[in-house]
Amino acid sequence: MAQMSHEIVLRSPTDAEFSRFVAPLSIAFGEEVSDAAIENDRRTIELDRFIGALDGDSVVGCAGAYTFRLTVPGGEVGAAGITAVGVLPSHRRRGILRQMMTWLFAQARERQEPVAILWASEAAIYQRFGYGPGTLQTQFDAVKDKIRFARPVESAGRVRILGLDEAVERFPPIYEAIRRSTPGAVTRSEARWRWELLADAEWMRHGNGAKVLALLEDDGHARGYVIYRTRSEWDSLGPKGVVTVMEVSALDAAAEQALWEWIFGIDLIGSVRGWRGPAPHPLQLMVTEPRRLGTTLTDGTWLRIIDLPAALASRAYRGPGNLVIELTDEFCPWNAGRWQLSVPGKDGGGSAVVARAPSTAEPDLVLDISDLAAVYLGAFRFADLVRAGRVRESRPGALAAADALFSTVRAPSNATMF
């Protein structure tokens, strides 16, 4: 138990208390959290990483974290996946969220997790705590009959519908092979695969229809998979069902296009929708009329650098090069000040040495920790920060040098909700 103020006490629940501790979420988000959903959460939740904010005997807020490994350019890093954050309207503006975030960050530091990530219900809330947009995501809503592929692929195998148990066995190795080279992607436990990503209880559907699990195979070798939902819909003109694609993962470009061609060929549907896709989306280069996809771009996961030297040293750079960065960080003051990033490696990717800059060193760039978070995985460049007025170049040429060091081969993406 940790007492954070004279009124509010933070502590983790026992297993028997878990339902009571998540109760504030129903009111905070204005939607009912069913008993079945709570029971399902018990399968993946880490009780020692979940906290409730108690005002006397009443739970007035809650927050938690999952233990992840986050892929970064050239490597991976421990990450706290912040989740289930909510405070009752009756207790707003009392610093409870700040107290809970302080607790979660302190735990992440104890566990040597240099960064935290989350899906923001309202981004303005979390920017106050130093989060920046770590990944971007695309969505699309396309009329099936309007989509044609510019260069159809030859047969890449056959698609087979799987049951839950076989999907739990066959899908994760494909995802893990892709995750290791996709900045922003996170590890997935077997429990998350079985009970969240692949399960299909009625309360999970939200009107989008039953979940389908399909595997692309070539001579028995798995090349990719798709997770989607199909909602049946008809009118006087015939079928106009909706396929909602939740995830497509493929080991190569031909396999990915083969899966998309198969999806757009499903009978009895009028439209195909895609969620949480990468930015840019590969379909935009596969089809003859990319505008017909109706693609929209939004923020994806938000990232907070908790331990600056550890976070920067965990990723690779396009060296050699040296950069002195002056950072502001109100919420985690141990990150504030001037830091020197030295990359001795040859061009193509090298590890960095990160240390406090000598007192005589003048900064090359001046920015806030949330701005550095936006470029950490490659979602944005330092040049983008300049256009938004979020970084100051103190040495001519420093911006170009920083962008060269931080450049990435692949845009960051994350399809894992938590």
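Computed from the coordinates by the stated procedures, all read-outs in this text should not be read as laboratory data. None of the values given here were measured: they were computed from a predicted structure. For neighbour counting, all protein chains shown are included, and Cβ atoms are generated from backbone atoms with ideal geometry for every residue, glycine included.
Worth a mention:
- For the chain, the relative contact order works out to 18 percent when only alpha carbon pairs closer than 8 Å and six or more residues apart are counted.
- Charge dipole (Cα centre; +1 on Lys/Arg Cβ, -1 on Asp/Glu Cβ; no other charges) of the stretch 146-292 amounts to roughly 560 debye.
- Top of Ala23, Ala53, Ala37 by mean-square fluctuation, Gaussian network on the chain, Cα under 10 Å: Ala37
- Between Glu330 and Ser34, full extension at 0.36 nm per residue minus the direct alpha carbon distance yields a gain of 102.8 nm.
- Counted charge near Gly238, where neighbours are those whose Cβ lies closer than 13 Å (Asp, Glu -1; Lys, Arg +1): -2
- Taking every DSSP bridge with both residues inside the chain, close to 85 percent are antiparallel.
- Percent RCO, i.e. relative contact order, over the stretch 138-297, from Cα pairs under 8 Å lying at least 6 residues apart: 36 percent
- Computed extension gain for Glu122 through Ser407, at 0.36 nm per residue and net of the alpha carbon distance, reaches 99.7 nm.
- Basic side chains Lys and Arg get +1 at the Cβ, acidic Asp and Glu get -1 at the Cβ, and with that the dipole of the chain about its Cα centre reaches some 820 debye.
- Estimated purely from DSSP H runs of n ≥ 4, each contributing -39500 (n - 2.57), the mean residue ellipticity at 222 nm for the chain is -7000 deg cm²/dmol once divided by its residues.
- For trypsin sites (Lys or Arg not before Pro), the sites in the stretch 273-369 that DSSP calls loop and that have at most 13 other Cβ atoms within 10 Å are Lys346.
- Positive-end residue of Leu215, Leu104, Ala383, charge dipole of the chain with Cβ unit charges: Ala383
- Sites counted here are GluC sites (Glu not before Pro) in a DSSP loop (not H, G, I, E or B) having no more than 15 other Cβ atoms within 10 Å; the longest part of the chain that contains none of them is 234-329.
- Estimated inter-spin distance, Leu285 and Ser232, nm [label 7 Å along Cα→Cβ]: 4.0 nm
- Length-normalised contact order for the stretch 307-379 - Cα pairs under 8 Å, 6+ apart - percent: 34 percent
- From phi via Karplus (6.51, -1.76, 1.60), per-residue ³J(HN,Hα) for the stretch 96-103 in Hz, x at Gly/Pro: 5, 4, 4, 5, 5, 5, 4, 4
- Qualifying trypsin sites (Lys or Arg not before Pro) in the stretch 21-74, where qualification requires a DSSP coil assignment and no more than 15 other C-beta atoms within 10 Å, comprise Arg42, Arg43.
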